[in-house]
Amino acid sequence: MTSVCIWKFISPDREYICAVSDSRITSVSSSSTVHTDCASKLIPLTVKFKTTDSDGCFTITKYQFEFGFAMSGNVDVCFMTHAALSGICSNIGLHGQFDPSLSKIANLASHILEKYTKDYMKNKAGFPKCEISIFGCCPNSERLESYYISNTQGGGGKAYVRRDMNPIFMGDGSETHRNKWNSLVEAGSSPGGNTPIIALEEIISRESRKTVGGATQFVHCDKNGFHILQTEFGAPIVGTQSYLGFDICGQIEPILGAVVAMDTILTKTTT
């Protein structure tokens with residue numbers, strides 16, 4: 001019920017880890033049953049390192065960094081994994097020597113995913129197939145890193161971690177997405193840049209898979225953190241800015257009474 005792609009984009013003056021996904025959630029029992037076309041599958045996570053105040057409470061954040069969390073598969077287990085990981089990562093105490101590596105965060109995510117997978121199976125709720133990715137700039141190595149974590153590669157719900165796969169494709173639409181990317185590259189498109197986004201937009205607009213649909217969500221990570229980009233549609237509805245299918249100017253900003261501070265990427269999708 002998902003198509004996610006994560007890849008590295010390197011130019012002479014910039015380096016990113018980019019990620020794109022669709023926004024459709026469908027029923028596990030029936031791929032034709034759409035629960036929503038506005039789901040976020042690319043989510044930020046913040047690691048906060050804290051020390052104690054004069055009362056001995058961990059209220060002082062010394063420093064922090066952001067990275068990305070991508071998911072596909074069982075929505076309950078994926079979101080529970082994100083929630084638990086977020087709660088732990090935002091409350092790390094500074095005691096002694098600690099290596100703030102992205103690999104340790106990925107190993108923790110694997111442990112949490114494995115716990116929820118086994119709980120799910122123990123309660124005879126079926127097997128909750130999940131794929132997640134941790135990606136961003138590691139504060140320890142200062143390198144762009146990506147980790148692929150899955151509970152489907154072994155028995156008993158054990159979760160496995162793979163490092164620095166480039167690109168990473170996840171979800172039941174991954175093969176279709178990969179093939180479309182390859183065909184665009186063979187036709188002369190750059191293998192990096194916006195090619196994975198264009199490939200996914202074509203899949204969505206042509207309804208190539210019923211479980212892949214809605215809007216494209218695009219993010220990238222660098223040494224400054226996690227950045228969400230809103231999409232601006234091309235003709236015939238020029239100037240319509242959207243995030244997960246929500247109209248930024250027409251719906252979100254009037255409610256907030258503030259400007260949504262997202263950079264914009266132009267898309268040719270006109271849904």
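The values are calculated or read from the model by the stated rules, or taken from the named source; none is laboratory data. Everything numeric here is computed off the predicted structure, so don't read it as measured data. Cβ sites come from the backbone with ideal geometry, for glycine too, and all protein chains shown count toward neighbours. The accessibility values were calculated without ligands, DNA or RNA, using every heavy atom of the protein model including side chains. Shrake-Rupley method; radii C 1.70, N 1.55, O 1.52, S 1.80 Å.
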Give me a comma-separated list of calculated 3J(HN,Hα) values for segment 45-50, in order, Karplus coefficients 6.51, -1.76, 1.60 applied at θ = phi - 60°, integers in Hz, x for any Gly or Pro.
10, 10, 9, 10, 9, 10
Report the antiparallel proportion of the DSSP beta bridges in the chain as a percent, rounded to a multiple of 5.
90 percent
Accessible-area composition of segment 109-212, carbon plus sulfur, in percent [1.4 Å probe]
44 percent
Over 29 Å between alpha carbons, listed pairs K8/K129; K104/K158; K62/K118; K48/K210; K118/K223
K62/K118; K48/K210; K118/K223
Counting only residues 5 or more apart in sequence or on a different chain, those whose built amide H sits under 5 Å from that of V161 are none
Per residue, what accessible area does segment 74-153 have, given a 1.4 Å probe and all protein chains present, in Å²?
47 Å²
Please list 3J(HN,Hα) in residue order for segment 88-95, calculated via the Karplus relation 6.51 cos²θ - 1.76 cosθ + 1.60 where θ = phi - 60°; whole Hz, with x for glycine and proline.
6, 5, 7, 9, 9, x, 8, 10
Listed by chain and number, the residues whose amide H is under 5 Å from that of D172, excluding neighbours fewer than 5 places away on the same chain and using placed H, are T2
Nearby aspartates and glutamates by direct alpha-carbon distance to K41 (threshold 15 angstrom, same-chain neighbours under 8 apart not counted)
D22, D76, E131, D172
Rough spin-label spacing in nm, given labels placed 7 Å along Cα→Cβ, for S205 and S103
4.2 nm
For the chain, take the longest principal axis of its alpha carbons; what is the angle in degrees between that and the long axis of helix 102-122, to the nearest 10 within 0 to 90?
80 degrees
